[in-house]
Amino acid sequence: MQRLSPVEKREINNVTAARDNRSTARRERKRRMLWSAVVLGITLSLAISCSNIPSATSSEGAANNPAPDPQPLESYVEKIPGTDLTFEMIAAPGGTLLMGSPPSEPGRKEDEGPQHKVTLSPFWIGKVEVTWDAYDAFREACPGLPKGTPEEEDDVDGITGPTPAYGDPYRGFGGGDRPVVGISWHAAMTYCVWLSKVTGKSYRLPTEAEWEYACRAGSEGAFCFGDDVPKLEEFAWYAGKSNHETHPVGQKKPNAWGIHDMHGNAAEWCLDWYQADSYGAFPVDKWPLDPRGPEKGTNHAIRGGHFETPASKLRSASRDHSYDWWLNADPQEPKSKWWHVPTNFLGFRVVRPLREEKPPVRDSRRGL
């Protein structure tokens with residue numbers, strides 16, 4: 001066997017050392033890359049976790065409370081196709097409402113509490129109540145069934161209008177630009193279905209939260225202008241100040257958002273079922289976004305007071321509801337959900353939500 005010279009040994013050792021050094025360098029690079037990946041993963045996890053922690057300056061429970069959609073809206077005028085009639089929709093900005101009234105508010109009822117915060121997305125609401133001019137256009141466009149006809153099935157291709165009135169639908173006040181009165185919740189909802197169909201926009205009745213939010217227009221007092229009861233005459237038609245009748249819409253001062261007659265002229269149907277203790281179901285530490293009333297009920301909520309309502313019941317938080325006995329005078333069997341209820345004070349206004357909705361779902365049961 002040939003023996004290696006010292007020079008050859010040194011050369012072999014140098015090659016081996018260089019190869020070992022390269023292997024060590026490769027292992028070190030892999031180790032550093034792996035460690036960098038671990039550090040990056042930990043950093044990202046911490047960033048995501050921290051983003052879900054409320055800041056020290058946020059209000060208590062802010063992590064559970066959605067912010068209103070910042071999308072700005074503009075008021076607009078809508079023309080009812082096929083007519084020369086128009087109506088104005090006022091843009092209500094998104095925000096938070098302290099709904100209900102404090103125990104110390106004069107005239108307060110138990111169903112107005114406990115107060116609770118809710119969050120509202122931006123929406124549009126009618127500047128005035130729906131007038132007889134607009135409702136008569138609906139009645140003409142959607143022929144009704146003969147009196148005494150059994151309950152109709154909703155037609156997917158058409159909309160069935162009210163049955164003919166037994167008496168004067170205007171209740172002796174006249175029609176035109178006065179608010180619609182004396183109609184059922186079903187009739188008001190069907191008007192919204194028709195209006196949505198002819199305009200291509202989504203219209204419906206306001207929820208109680210939307211109604212109170214729009215009525216207050218930022219006010220925390222009993223009324224949209226504060227607590228000064230004598231000032232109410234500037235904003236509303238009510239008991240002792242109305243000559244016992246409705247008046248053409250929009251004659252009194254509007255609230256801060258430009259909305260008229262929310263404290264009195266005609267009372268107004270809301271979308272929600274009424275429940276006296278429904279406010280107690282709202283969580284204390286979480287502000288619901290665009291809340292609606294109970295899923296089921298017997299009667300629907302009414303807001304706003306009317307031309308025969310005393311001042312104490314015209315407050316922004318005051319609530320009322322329909323009554324089953326309103327159908328007693330209906331001579332038809334079964335009782336008609338189109339029956340013009342024996343109230344010469346109950347009308348409605350429309351709302352358009354920010355996000356288009358399916359056509360409003362009308363009440364399937366007979367009656368109000």
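The values are calculated or read from the model by the stated rules, or taken from the named source; none is laboratory data. Note that the coordinates shown come from a computational prediction; the quantities given were computed from them, not determined experimentally. Heads up, the Cβs are rebuilt from the backbone with ideal geometry, glycines too, and the neighbour counts pull from every protein chain shown.
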* Asked: Can you tell me which residue in the stretch 284-305 is modelled with the highest pLDDT, limited to those that are within 20 Å of residue 101 (Cβ to Cβ) and out of contact with any Asp or Glu (no Cβ under 9 Å at 6 or more places or on another chain)?
  -> 288
* If you take the residues of the stretch 169-214 that are part of a loop (DSSP other than H, G, I, E, B) and of a type in the set (D, E, K, R), which of them is modelled with the lowest pLDDT? -> 171
* Asked: If a residue has to be surrounded by fewer than 24 Cβ atoms within 10 Å (Cβ to Cβ) and over 20 Å from the mean Cα position of the chain (by Cα) to count, how many in the stretch 295-315 make the cut?
  -> 7
* Taking residue 318 as the residue in question, decide whether it is in contact with a strand residue (DSSP E or B) (Cβ under 8 Å, 6 or more places away or on another chain) and either buried (at least 21 other Cβ atoms within 10 Å of the Cβ) or of a type in the set (Val, Ile, Thr) (or both). => yes
* Search result, residues across the stretch 201-239 that are in contact (Cβ under 8 Å) with a residue 12 or more places away in the chain and over 25 Å from residue 118 (Cβ atoms) -> 229, 232, 234, 237, 238, 239
* Answer residue from the stretch 332-368, given it is among the β-branched types (Val, Ile, Thr) and in a loop (DSSP other than H, G, I, E, B) and is modelled with the lowest pLDDT among those -> 361
